[in-house]
Amino acid sequence: MPKVLIVEDEEPLAMLLRYNLEAEGYTVETCMRGDEADIRLREDQPDLMILDWMLPGLSGIELCRRLRSRSETERLPVIMLTARGEEQERIRGLATGADDYVVKPFSIPELMARVRAMLRRAKPEVVSSLLRSGDLELDRETHRVRRSGREIHLGPTEFRLLEFLMTSPGRVFSREQLLDGVWGHDVYVDERTVDVHVGRLRKAINRGKAVDPIRTVRGAGYAFNDQFAAAS
Ligand code: CA
């Protein structure tokens with residue numbers, strides 16, 4: 001699985017990122033200081049780095065500049081996190097060698113999409129755009145879903161919901177976790193909205209089919225059924 005290094009001194013944000021990346025199956029390491037990350041990156045390299053701009057020890061921009069000057073990290077994909085209104089700095093950041101930047105506050109699904117897109121470009125061998133289980137297939141790149149080869153048309157929320165569940169088969173997500181992961185943590189949506197969209201998703205993917213890939217776990221939430229591949 002792809003390895004991601006998060007260099008961020010805001011602990012709650014670092015934890016939120018870690019949680020979401022791990023839920024997608026990435027191996028995650030975090031670092032709170034720029035100078036520590038610099039030392040850490042001399043040992044071995046992750047597949048991608050999420051780098052905050054303002055860091056104790058060594059700024060993100062200086063760290064990025066150093067990485068680009070060393071052959072082992074010259075091509076390491078870097079997504080820079082910047083605060084709002086740092087437009088000038090953003091330009092400087094890209095000039096320093098960051099591959100992409102995301103302005104805080106950002107939505108988690110958006111950042112996850114950037115991470116996937118960047119890994120697909122930089123390391124196609126470590127990330128596959130196709131999620132497959134049994135007769136169900138979801139292509140993250142083309143946004144196509146098929147069941148038994150037949151194309152299924154999903155709304156954008158149902159697509160993200162299915163994608164989110166399929167990346168962690170068997171894992172039960174509460175409605176709150178699904179709201180965070182699919183809708184974004186800064187969006188206020190009623191938890192019942194999750195039920196409505198799960199209902200729509202089921203209707204679309206189960207038409208004419210006996211086996212439901214989504215499990216409702218009473219009192220807990222929803223999961224992608226890890227027995228589905230065998231049952232379908
Ligand atoms: Ca910071």
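For region 118-143, a residue qualifies if it is among the charged types (D, E, K, R) and either farther than 22 Å from residue 184 by Cα or not assigned by TED's automatic domain parsing to the domain that holds residue 199 (or both), and the qualifying residues are 120, 121, 123, 125, 132, 135, 137. Could you tell me whether residue 83 is within 12 Å of the ligand (Cβ to nearest atom) and either of a type in the set (Phe, Trp, Tyr) or at pLDDT below 90 (or both)? Considered against the rule, which asks whether it is within 12 Å of the ligand (Cβ to nearest atom) and either of a type in the set (Phe, Trp, Tyr) or at pLDDT below 90 (or both), residue 83 comes out as yes.
Consider residue 219 carefully, then state whether it is outside the structural domain of residue 107 (by TED's automatic domain parsing), touching a residue at least 60 places away in the same chain (Cβ under 8 Å) and more than 23 Å from residue 152 (Cβ to Cβ). Steps first, answer last, please.
Details: outside the structural domain of residue 107 (by TED's automatic domain parsing): yes; touching a residue at least 60 places away in the same chain (Cβ under 8 Å): no; more than 23 Å from residue 152 (Cβ to Cβ): yes.
No.
Within region 39-49, one or more residues are touching a residue at least 60 places away in the same chain (Cβ under 8 Å) and either outside any helix (DSSP H, G or I) or over 15 Å from the mean Cα position of the chain (by Cα) (or both). Any residue in region 103-117 that is in the same structural domain as residue 8 (by TED's automatic domain parsing), within 16 Å of the ligand (Cβ to nearest atom) and assigned to a helix (DSSP H, G or I)? Yes, region 103-117 contains a residue that is in the same structural domain as residue 8 (by TED's automatic domain parsing), within 16 Å of the ligand (Cβ to nearest atom) and assigned to a helix (DSSP H, G or I).
Taken together, the residues in region 191-232 that are under 22 Å from the mean Cα position of the chain (by Cα), modelled with pLDDT under 95 and assigned to a loop (DSSP other than H, G, I, E, B) amount to 3.
Would you mind finding the one in 22, 36 that is within 16 Å of the ligand (Cβ to nearest atom) and either of a type in the set (Asp, Glu) or assigned to a helix (DSSP H, G or I) (or both)? Talk me through it step by step, then tell me what you get.
Numbers: 22 fails: within 16 Å of the ligand (Cβ to nearest atom).
After ruling out the rest, the residue left standing is 36.
Among the residues in region 133-143, are any in contact (Cβ under 8 Å) with a residue 24 or more places away in the chain and under 18 Å from the mean Cα position of the chain (by Cα)? Steps first, answer last, please.
Taking region 133-143 as the starting set, the residues that turn out to be in contact (Cβ under 8 Å) with a residue 24 or more places away in the chain are 133-136, 138, 140.
So of that shortlist, the ones also under 18 Å from the mean Cα position of the chain (by Cα) come out as 138, 140.
Scanning region 133-143, I find at least one residue that is in contact (Cβ under 8 Å) with a residue 24 or more places away in the chain and under 18 Å from the mean Cα position of the chain (by Cα), so the answer is yes.
In the set (1) over 13 Å from the mean Cα position of the chain (by Cα); (2) under 21 Å from residue 163 (Cβ atoms), residue 31 fails one condition alone, (2).
Look at residue 138 and say whether it is part of a loop (DSSP other than H, G, I, E, B) and at pLDDT 90 or above. Walk me through it before giving the result.
Numbers: part of a loop (DSSP other than H, G, I, E, B): no; at pLDDT 90 or above: yes.
Criteria not met by residue 138.
Within region 1-19, the set of residues being away from the ligand (no atom under 16 Å from the Cβ) and assigned to a loop (DSSP other than H, G, I, E, B) comprises 1, 2. Among the residues making up region 112-132, those that are free of Cβ contacts under 8 Å to residues at least 40 places away in the same chain, more than 16 Å from residue 98 (Cα to Cα) and surrounded by fewer than 18 Cβ atoms within 10 Å (Cβ to Cβ) are 113, 120, 124, 125, 128, 129, 130, 132.
The values are calculated or read from the model by the stated rules, or taken from the named source; none is laboratory data. It should be emphasised that the depicted structure is a prediction, and the values quoted were computed from it without experimental measurement. Cβ sites come from the backbone with ideal geometry, for glycine too, and all protein chains shown count toward neighbours.
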